[in-house]
Amino acid sequence: MSALCAGRIALVTGGSRGLGRAICLSLAREGAFVAFNYAKSDEDAAITVAQIEAAGGRASAHKVSVLDKPGLAELVKSLDREHGKVDILVNNAGYGQVVPLALMEESDWDEMLDTHVKGAFLATQAVLRVMVRQKYGRIINVGSLAGVKMMQAPVHYATAKAALKGFTESLAKEIGRYGITVNCVAPGVLDEGVSDHLPPARKEEYIRHCAMRRVGKLSEAADMIAFIASERASYTSGATLVVDGAV
Amino acid sequence: MDCTSCDTTPPRPDRPHTFFAHEQDACPACATAVEARVVLRDGKVVHLMRCTACGPQEREVSTDAEGYVRSFLARGVVPDGLVGDHLFKHTTSTCPKCLALVTADVVIRRGQVYFLKDCRQCGPSEALVSEDANYYVKAYAFARAGTQPLKFRTEAEHGCPTDCGTCDDHEQHTCLPIVEVTDHCNLECPICIVDNQYSKHMEPATFQKIVDGLIEAEGVCETIALSGGEPTSHPKILELLAIANRPEIGRVVLITNGIRLGKDRVFAQALKDMGVYVGLQLDGFTADVHTKIRGRDLVSEKDAALAILKELDIPTQLIFVATRGVNDHQIGQVVELFLSGSHFLSLNFQPVAYTGHGGGTFVHDPNDRLTIPGVIRHIDQQTGGKVGYTDFFPLPCSHPQCVSLTYLLRLEDGTSIPFARFIDFEKHATLLRSSATLPATPEVEDALSDVIHDVFARQDEIPRGPEILAALRRSLDEMFPKKPLSSREAFRVSERQSKSIFLHHYMDRHDFDLERLRKCCHHYPQIDGKIMPACGFNMFHRGAAKGPDTPRATFGRAPFSLPVLQ
């Protein structure tokens, strides 16, 4: 059986570490050429590229913020020029921040919403031109269980992730006619990434309520994303797929 | 398919078929030669006939409608090396001398289309009907099913055109009702298409009954036009306009030569206050042109009318009757004027029809006249391609040979760009169904959504792509503001987002084509309750097809004929 994403060109936002890196690795393993952007660490980005190449995949790293509209446009243009298409976009860029509402600064709120939601909007708008033209596309937004279920999670984080669910559903309706699917993958608590911020007691509580009695692995969420990005998921759109071990 | 020029509440039913053309055939029962209506129905091609002896008949001629249309269009391809006329099809026209209905060979000659006729009584004649055979033939590909009114005014008994009013064989509802409210005028135009008797001003009560009848027949109307004569000479014109100004009617248009507008500010202000639109006759810019077409120098009076329309920001349609050798050199100038003002919503070119009190006797050569493609060429050449030949498409709402149009999007810098530069109209035919504005139907919304995404995706390839996107965004903001608009406000806002240039070729005794009349959607409602397709009325009922005192057809009924509608 051929790889799930053979021949596809993917763009992953926030791909230098954590879940983003896992998504890049998974897509590359499934045959996609993976371009990813990152905002901070050149070193982390280099590690992602190195790991992909070590596994026989191809990747490129681009230091562009998801809030840099012209930069994103240029990144997509360069991919389009080089490969003639952009098939997959994974809106992953984000971060966690543990802070109760009472202590939350306005800037905390803005930065969280901007990175998760505005970043997804800008990246999507940048690739949409290509996807509409080619009448094909896979857009996957990385949500969170905190955006789907009532959980003890930072309010601005849960709000941003819930917004991505709405973004997914509305966009799926709007552009489905162009052969573009839009889905949201909402992981529960994973062993790395933003869950690193979770206090141990909260993680234990999660495991108590999880049917599989463990937190998830980054690769388990990433592999679901690779599947949704593939041709095999051609009739799945507007969905939010929870990857949480049954909480 | 509903004609989407109008709102559809209550819904008018679609015709059960797509009317395509006329062809010669024979009655299946008695073999008498009859002209058949070719219709596309359920993927098949059917000839609908009305035999004088046997009544309605039909015959299936093909089980492959698409293949039939392809082969029909292929008939219009002139074989290489052919010298002489290439027969494309047949239709029914009129003898230019006795006005009898005669069969016409539709032939292509040196890239143009002619009718060749041979009247038993008067002998042969021929007439130019299109200056571009390619346009003429391809126009048939735009045929779309019409819509029928909620109520027909007459029943088909003898066949077209004798049962007019409209009968249940008619293929399109009334998109544009034109009510002639007076036969008085303040001009004696050498190309006048009507025949003013200076005898009647329509009473408000009569007009009220006509409007009521229209609403009964149509449900809702996008537009009603008040014409004449010169309607501003009607002493109760404001009262009539008030009667027409009702919720079922989207737009009330006063078609005028503008003389009163320029002189009577109070009157112009009253039109503005009532929300009336003005259709201003403007056939040129110089004294010689006005004198040849309208009988005297009207330059200062037209300027005055244009000034008050601009000052009061009255939504305006310009109407330019284009006449070979008279004003065809000023076509570009009227386009430039039209593009310069935001209150100009549409520009209507009418290649002159040689019919009516003046037009019937206007000196002309039926083989050397302006037709729709000729006017479009002038537009292209005289605007330096600002509005180009390929920007225009046949309008499938009426018969595709009757009207051609282009829409222009208003850009942020005040200039306009034809829709055809960024919309594939063959793909988005829905957007061409309308005769004036794009209504908010689901299919139009879908088409517009496709257009937006298409321009968005190709913005680097399309000339002025980012500007077009900005204009589309502005349109959305204005049409869907944070404070909701009433339906009438929304209508007013939406129609200002784009402009349209129409070319409507009314017919005369030379180029009359019964096939075109069959789907006419510009109608003259009469006081006896009938709603008469315009060119049929001009040819057979008005009594002026060849000028004053032209004998009426035996079935003809003059304007203002009794009995008055009850």
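Just going by the charge dipole of the stretch A:9-243, with Lys and Arg at +1 and Asp and Glu at -1 on Cβ, which of A:Ala201, A:Leu27, A:Ala46 is farthest out on the positive end?
Farthest along the dipole direction, towards plus: A:Leu27.
Take the residue pairs B:Lys236/B:Lys482; A:Lys40/A:Lys161; A:Lys161/B:Lys427; B:Lys386/B:Lys483 and return only those whose Cα atoms are more than 30 Å apart. Write out the running numbers ahead of the final one.
Working: B:Lys236/B:Lys482 40 Å; A:Lys40/A:Lys161 22 Å; A:Lys161/B:Lys427 39 Å; B:Lys386/B:Lys483 36 Å.
Long pairs (Cα-Cα over 30 Å): B:Lys236/B:Lys482; A:Lys161/B:Lys427; B:Lys386/B:Lys483.
Give me B:Val266, B:Val493, B:Val387, B:Val211 ranked fewest to most by other Cβ atoms within 10 Å of their Cβ, as a rough exposure proxy.
On the way: B:Val266 6, B:Val493 15, B:Val387 26, B:Val211 22.
In order of increasing Cβ crowding within 10 Å: B:Val266, B:Val493, B:Val211, B:Val387.
In peptide B:456-462, how many Cβ atoms from other protein chains are near each Cβ within 10 Å, on average?
Values: counts 5, 9, 3, 1, 2, 1, 0.
Mean number of neighbouring Cβ atoms from other chains: 3.
Within the stretch B:18-142, how many Lys pairs sit with Cα atoms under 22 Å apart, leaving out pairs fewer than 8 places apart on the same chain?
Details: B:Lys44/B:Lys89; B:Lys44/B:Lys138; B:Lys89/B:Lys117; B:Lys89/B:Lys138; B:Lys97/B:Lys117.
For the stretch B:18-142, qualifying lysine pairs total 5.
Measure nothing fancy, just the Cα-based angle from helix A:218-228's long axis to the longest principal axis of chain A, in degrees from 0 to 90, nearest 10.
The answer is roughly 40 degrees.
Could you state the principal axis extents of the C-alpha atoms in the stretch A:9-243, from the largest down, to the nearest angstrom?
49, 39, 35
Along the three principal axes, how long is the stretch B:18-142 when you take its alpha carbons, biggest first, rounded to the nearest angstrom?
38, 37, 22
In which sequence would B:Val326, A:Val142, B:Val299 go, from the one with the fewest C-beta neighbours within 10 Å to the one with the most?
Arranged by neighbour count, lowest to highest, B:Val326, A:Val142, B:Val299 become B:Val299, B:Val326, A:Val142.
Which net charge results when you count Lys and Arg as +1 and Asp and Glu as -1 among the other residues whose beta-carbon is under 12 Å from that of B:Ile193?
Values: positive: B:Arg542; negative: B:Glu180, B:Asp195, B:Asp508.
Charge balance in the 12 Å sphere: -2.
Summing +1 for each Lys or Arg and -1 for each Asp or Glu, what net charge is found among the other residues whose Cβ lies under 12 Å from the Cβ of B:Gln208? Intermediate results must be reported in sequence, preceding the final value.
Working: positive: B:Lys209, B:Lys236, B:Arg246; negative: B:Glu203, B:Asp212, B:Glu239.
Residues near B:Gln208 contribute 0 overall.
By counting other Cβ atoms within 10 Å of each Cβ, how are B:Leu448, B:Leu241, B:Leu73 ranked from fewest to most?
Details: B:Leu448 19, B:Leu241 23, B:Leu73 15.
Taking fewest neighbouring Cβ atoms as first place, the list is B:Leu73, B:Leu448, B:Leu241.
Percent of alpha carbon pairs in the protein assembly as shown separated by more than 44 Å? The partial results should precede the final answer.
On the way: 135983 of 330078 pairs.
Value for the protein assembly as shown (Cα pairs over 44 Å): 41 percent.
In the stretch A:11-104, which trypsin sites (Lys or Arg not before Pro) fall in coil by DSSP and have 12 or fewer other Cβ atoms within 10 Å? Please report the intermediate quantities before stating the final value.
Details: sites: A:Arg17, A:Arg21, A:Arg29, A:Lys40, A:Arg58, A:Lys63, A:Lys77, A:Arg81, A:Lys85; in loops: A:Arg17, A:Lys40, A:Lys85.
Those satisfying the criteria are A:Lys40.
What do you get for the angle between helix A:42-54 and the principal long axis of chain A? Use alpha-carbon atoms, 0 to 90 degrees, nearest ten.
Taking the Cα atoms of chain A, the angle to A:42-54 is about 60 degrees.
Can you tell me the length gained on complete extension of the stretch B:Leu82 to B:Arg492, counting 0.36 nm per residue apart and subtracting the Cα distance? Numbers along the way, then the final one.
Values: separation 410, 0.36 × 410 = 147.60 nm, distance 5.29 nm.
Here the answer is 142.3 nm.
Compare the Cα positions of B:Gly279, B:Phe425, B:Ser487 along the charge dipole of chain B (+1 at Cβ of Lys, Arg; -1 at Cβ of Asp, Glu; about the Cα centre) and return the one farthest towards the positive end.
Toward the positive end, the furthest listed residue is B:Gly279.
Treating cross-link reach as a plain straight distance, find the aspartates and glutamates whose alpha-carbon is under 13 Å from the alpha-carbon of A:Lys217, omitting any fewer than eight places away in the same chain.
A:Asp191, A:Glu192, A:Asp196, A:Asp244
Go through B:Cys397, B:Ala322, B:Ile468 and say which Cα lies farthest out towards the positive end of the charge dipole of chain B; charges sit on Cβ, +1 for Lys and Arg, -1 for Asp and Glu.
The one lying farthest along the dipole's positive direction is B:Ala322.
Could you list the GluC sites (Glu not before Pro) in the stretch B:31-74 that lie in coil according to DSSP, counting only those with at most 10 other Cβ atoms within 10 Å of their Cβ? If you can, show how the numbers build up before the last one.
Values: sites: B:Glu35, B:Glu58, B:Glu60, B:Glu66; in loops: none.
Within the stretch B:31-74, no GluC sites (Glu not before Pro) qualify (loop, at most 10 other Cβ atoms within 10 Å).
Can you spot the lysines whose alpha carbon is less than 17 Å from B:Lys302's alpha carbon? Ignore those fewer than 8 places along the same chain.
Correct list for B:Lys302: B:Lys263, B:Lys292, B:Lys310.
No lab work stands behind these numbers, since they all come straight from the coordinates. Values in this document were obtained by computation on a predicted structure and should not be read as measured data. Heads up, the Cβs are rebuilt from the backbone with ideal geometry, glycines too, and the neighbour counts pull from every protein chain shown.
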